[in-house]
Every structure is written in structure tokens, then in C-alpha cells.
Amino acid sequence: MLLTDIQEKITDMDKSMLEQYFESFLDWLVHKFFDIGIALLFLWLGLKVARLIVRFIKHSFARTGMDDSVEGFLLSLIRGILYIIVVIMSVSIMGVQVTSLVTILGTAGLAVGLALQGSLANFAGGVLILIMKPFRVGDYIIENDKKCEGTVVNIDIFYTKLRTYDNRIIVIPNGNITASSIINLTAEQHRKLELSVGVAYDSDIKLVKNVLTELVKTSQYYEPDMEFNVYVDSYGDSAIKMGIRCMVKTDDYWKARWEMLEQIKVKFDESGITIPFNQMEVLVKNEEKTEE
């Protein structure tokens, strides 16, 4: 009997509290009816303006030739930020205090940012790569931090993939790429080819230079309108180091290098020019011990 009475009292209290909440809500609704109307109108107009801003930014991105993946993400991010601003301003028009809401959102964003610090760094690096374009798919790059090099086969938001000369795939976080220097070997249409070859000290230097000059000028890869030098580079222990510098097309760099190295040996043999190799003379002393 006692338990039934307690339950009835609790039920009556719940009903009275619900009625009070409902009446309070109705009073608030009546007093804020005009403000709510203004807030809804502002919300509708604000969303329209936000869409127009996003559309304008999209046209701007299209003129800059931005990557589709970066464009889509940035547009979604901008759209979300604008919508949040419009909603918060609409709520504030109704007289609701939004300070605590903004504080909660800021705290949550900070916590998520700290938890995903590495991923956010990679993401920021991917955005910078796709916007600034220090390299593109198909370029051959060298990443100076870990000395990874290869042909770029894919640029994602978080990672960049390289294919090495022996057909291996290297996956590099974009944060590492943007935090270190990069050498892009294929950014320009032409590339300087530098070769060094040793000749014997008794060789005729003028003959050597003439042979090397003729070799370069008759090469199918040599660019005659660009820089070209044949010179004495240094004096080694057993040879005079001759240097060659010329410009070739980037796509033909390795073909030109391999062909010229082969032709150097062929032309030197035809001209009687010797390419010495390192030699070492060993003198053995045989000391006889005399017994007293």
C-alpha cells in the first residue's frame, strides 16, 4: 500500500513538472515568436548566400586549374563552415546564448586536432602539394629527408606514391615531403648532362678535347643551341680527368648518357687515347738475418 502511494506521488510530480516545462516553453514561444520568425528568415537567406559564395569560389578554383580532389574537399569544408556560422547567428537572433556552444565546438576541435596531429600534417601537406604543384604525376623526384626517389605515380590527400627504377612502390607521407627539400629532375624540358673520363698523363690534351667535342656534336641527343663545354676537370693520381657538359632533353637523359659513355671508349680506341686504371706498385724487401 505504501509503495503504491509513493508511485502515485511521483507520477503526480512528473506530470506537474512536465506541465510546468510545457507552459514555460509556450510562454517562451509566444514572447519569441517575432524573433523566431526573423531567425528563420535569416537562416533561409543565409543559406542562400552561403551557396552563392561556394559557387563563386568553385568558379575561382576552376580558373586556377586546381586538382579535383582538393577542390571538392575545400568546397565541402567552406560550405560546412558557412552553414555553421549561419546557424549560430540564427540561434543568437532568438536570444539563445551561443557562447557555451562555441566553446564546446572549439574544445572538441582542439581535441580532435591533437589526436589527429600526424594525419592533419599529412593532409595539409597533400593540400599544399596539389595547390602549389612542386611536382606532378610522371615527374621523377628525390626526397632529401630519407633519400627516396622515383617517378610519381599518384598524389593522394595523405600520401604520395613513387615507382623506383626497379619497379618498387614507395609510399611517402605528404607531411614528410613538405617538411623537407625536394629535387625535381624532370621539371624542366632540358637537363644538363655531365660526364667525367680519365686519360693518361702522356695523352695529347688537344687531341682528347677535339675527340670529345666531335663526339658530343655528332650525338643525336645533343642540343646545339644550349650550353656545351669540354674541359680539364682535375689531375688524379694516375689520370687527367676530362669533363663534358652539355644539355639534352630530359626524356633522353639516360639514353644520351649511356650512348656517350659507350662512344667515348670507341672513339678513344680509334684515336689511340688510353684510359688508365689505378695501379699499385708493391716492393718486397727480403732481409736476410745473420746469426752470430
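The values are calculated or read from the model by the stated rules, or taken from the named source; none is laboratory data. Values in this document were obtained by computation on a predicted structure and should not be read as measured data. Note: ideal-geometry Cβ built from the backbone for every residue, glycine included; neighbour counts use all protein chains shown.
Tell me the residue from GLN263, GLN220 that is surrounded by fewer than 11 Cβ atoms within 10 Å (Cβ to Cβ) and polar (S, T, N, Q), please.
Numbers: GLN263 fails: surrounded by fewer than 11 Cβ atoms within 10 Å (Cβ to Cβ).
GLN220 is the lone residue from the list that is surrounded by fewer than 11 Cβ atoms within 10 Å (Cβ to Cβ) and polar (S, T, N, Q).
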Legend entry - Subset tally (residues that are farther than 19 Å from LEU185 by Cβ, in a helix (DSSP H, G or I) and of a type in the set (A, V, I, L, M)) for region 213-260: 2
Inset, instruction - Answer yes or no as to whether ASN210 is of a type outside the set (A, V, I, L, M), more than 39 Å from the chain's Cα centre (by Cα) and part of a loop (DSSP other than H, G, I, E, B). - result: no
Legend entry - Residue among ASP204, ASP145 that alone is surrounded by fewer than 13 Cβ atoms within 10 Å (Cβ to Cβ) and either more than 17 Å from TYR253 (Cβ to Cβ) or of a type in the set (Gly, Ala, Ser) (or both): ASP145
Inset, instruction - State yes or no: is ILE155 in the same structural domain as GLY175 (by TED's automatic domain parsing), at pLDDT 85 or above and either in contact with a Pro (Cβ under 9 Å, 6 or more places away or on another chain) or within 16 Å of THR186 (Cβ to Cβ) (or both)? - result: no
Inset, instruction - Output the helices (runs of 4 or more DSSP H) that fall wholly within region 1-120 and possess 2 or more residues being of a type outside the set (S, T, N, Q) and at pLDDT 70 or above, or say none. - result: 33-64, 68-93
